[in-house]
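Engineer: My questions all concern the structure below.
The values are calculated or read from the model by the stated rules, or taken from the named source; none is laboratory data. No experiment lies behind these values; they were computed from the predicted model shown. Note: ideal-geometry Cβ built from the backbone for every residue, glycine included; neighbour counts use all protein chains shown. Note: areas computed on protein heavy atoms with side chains; ligands, DNA, RNA excluded. Shrake-Rupley method; radii C 1.70, N 1.55, O 1.52, S 1.80 Å.
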Amino acid sequence: MILTTSRLQLRPYLPEDEAWFTALNCNPVARQHMNGALTPEQARQRFMACLSNEDAWAITEPDGGACLGHVFIVPAGSGGDREIGFILEPAFWGRGFGSEAARAVVEYGVRKYGRVIATVDTDHAASIKVLNNAGMIFLAEEKDEHGPYLVYEASASPETGGL
C-alpha cells in the first residue's frame, strides 16, 4: 500500500533502505524523544520487521526521491489498540512533513482499524503539534519507566472526535 500526499509518498520498505533506516534510528538527535538511539543491531531487527509490516512506510519525496523519515502503525499493548509513530530526519524538521505524513497514516489507520492512538513525551511540543495537525485529540496523561507522556487518539466515532 502506497499512500500519497501533496508533497510526499509513503511507500513500503525495500531491502536497499536498510542503511538509511539504520542511520536514522541510530541518530540520537532524531530519536531524542523516542527513548534514545538504537544500536545498529536493534535498528537492523526493527528494519527487518518493517519489511514484513504492511503498516510501515518510508516517507519519501514523490517519484523515488530522498527518504525523509519513517512512519508506522503497530499493535499497542494487550487491549487491541493500534499506535502510530513517526520519525523524521532532523534536516526535514519544521517544514510540515511530519504533519502531512501523520495525517495520511491516521486517516488510513482509522479507515482500517476504526481507531488509532499515539503517545508523545509531555515536553515534545513539535510532535504534539503534529498529532493535533493530523486530527488526533488528547485522551490522557500517563506515566511509565521513561516518565510522563500524553496519549492521543483518532477514531471513526463522532463521539470521540472522529475524522
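Engineer: Just checking, how many residues over the range 51-102 are closer than 22 Å to His124 by Cα, small (Gly, Ala, Ser) and either in contact with a helix residue (DSSP H, G or I) (Cβ under 6 Å, 6 or more places away or on another chain) or open to solvent by less than 50 Å² (accessible area, probe 1.4 Å) (or both)?
Structural biologist: Number satisfying all stated conditions: 8.
Engineer: To continue, here is another question. Quick one: would you say Ala43 is in a helix (DSSP H, G or I) and more than 30 Å from Ala156 (Cα to Cα)? Please lay out each step first, then the result.
Structural biologist: On the way: in a helix (DSSP H, G or I): yes; more than 30 Å from Ala156 (Cα to Cα): yes.
Criteria met by Ala43.
Engineer: Determine, yes or no, whether Asn53 is closer than 23 Å to Glu145 by Cα and part of a loop (DSSP other than H, G, I, E, B). Before you say what the answer is, go through the steps one by one.
Structural biologist: Details: closer than 23 Å to Glu145 by Cα: no; part of a loop (DSSP other than H, G, I, E, B): yes.
Taking the combined requirement at face value, the residue does not satisfy it.
Engineer: From the list Ala118, Ala126, Ala154, which residue is within 28 Å of Arg95 (Cβ to Cβ) and either of a type in the set (D, E, K, R) or modelled with pLDDT under 95 (or both)?
Structural biologist: Within the list Ala118, Ala126, Ala154, the selection yields Ala126.
Engineer: Taking the range 108-138 as the search range and keeping residues that are closer than 18 Å to Leu10 by Cα and out of contact with any helix residue (DSSP H, G or I) (no Cβ under 6 Å at 6 or more places or on another chain), which one is most open to solvent (accessible area, probe 1.4 Å)?
Structural biologist: Taking the candidates together, the pick is Arg111.
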